[in-house]
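This report concerns only the one structure given below.
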Amino acid sequence: MIKFIVDAQLPKRIADFLIDNGYDSIHTLDLENKNRTKDKEIIENSIQENRIVIAKDYDFLESFILKEEPQKLIIVKTGNISNNELMKLFSTYLDTIIKMITGSNLVEIHKDKIIEQ
């Protein structure tokens with residue numbers, strides 16, 4: 001089963017949307033330290049529970065590139081867009097995102113495209 005953890009810089013609606021679509025998903029708000037959870041703890045959780053990190057924070061991308069942690073990352077590179085626009089991207093491209101992250105360790109979500117690295 002594919003499992004996710006959504007970082008604090010993204011809305012909890014993403015985790016809820018993934019749950020509604022049959023995926024095991026948590027948001028940092030679900031963790032003990034909520035949105036104060038440190039990136040290192042999120043990465044540790046992702047490794048222990050085999051979760052794919054969904055983040056907008058480039059610190060996760062840097063850690064992924066330098067240390068290969070987290071093991072799988074979906075990085076949101078949309079710039080400043082509304083939560084509704086972000087949710088529309090996830091809704092429109094969910095099947096593509098899942099297919100890409102299943103075959104790759106890094107997926108980038110942009111306003112106009114999804115890239116598998």
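The values are calculated or read from the model by the stated rules, or taken from the named source; none is laboratory data. Only a predicted model underlies this, so the values are computations on that prediction, with no experimental measurement involved. Quick reminder, even Gly has a Cβ in these numbers, built from the backbone with ideal geometry, and neighbours come from all protein chains shown. Remember, those area values only see protein heavy atoms, side chains included, never the ligands or the DNA or RNA. Shrake-Rupley method; radii C 1.70, N 1.55, O 1.52, S 1.80 Å.
Structure notes:
- For the range 2-52 and the range 74-117, distance of Cα centres in Å: 16 Å
- Split the accessible area of the chain by element, probe 1.4 Å, and carbon with sulfur accounts for 45%.
- In terms of packing, defined here as the mean over residues of other Cβ atoms within 10 angstrom, the peptides 89-98, 32-41, 1-10 line up highest first as 1-10, 89-98, 32-41.
- Probe 1.4 Å, protein heavy atoms only - accessible area per residue of the chain in square angstrom: 56 Å²
- Label point distance in nm, Asn84-Lys40, each placed 7 Å from Cα along Cα→Cβ: 4.1 nm
- Rough spin-label spacing in nm, given labels placed 7 Å along Cα→Cβ, for Leu31 and Gln48: 1.0 nm
- Computed packing ranks the peptides 105-111, 65-71, 54-60 as 54-60, 105-111, 65-71, most packed first, by mean other Cβ atoms within 10 Å.
- Gain on full stretching of the segment that runs from Asp112 to Ile2 - 0.36 nm per residue minus C-alpha separation: 37.1 nm
- When Rg and the Kirkwood Rh are both derived from Cα coordinates, the Rg/Rh ratio for the range 8-114 amounts to 0.92.
- Label-point gap, in nm, between Tyr58 and Lys99 - each point 7 angstrom along Cα→Cβ: 3.1 nm
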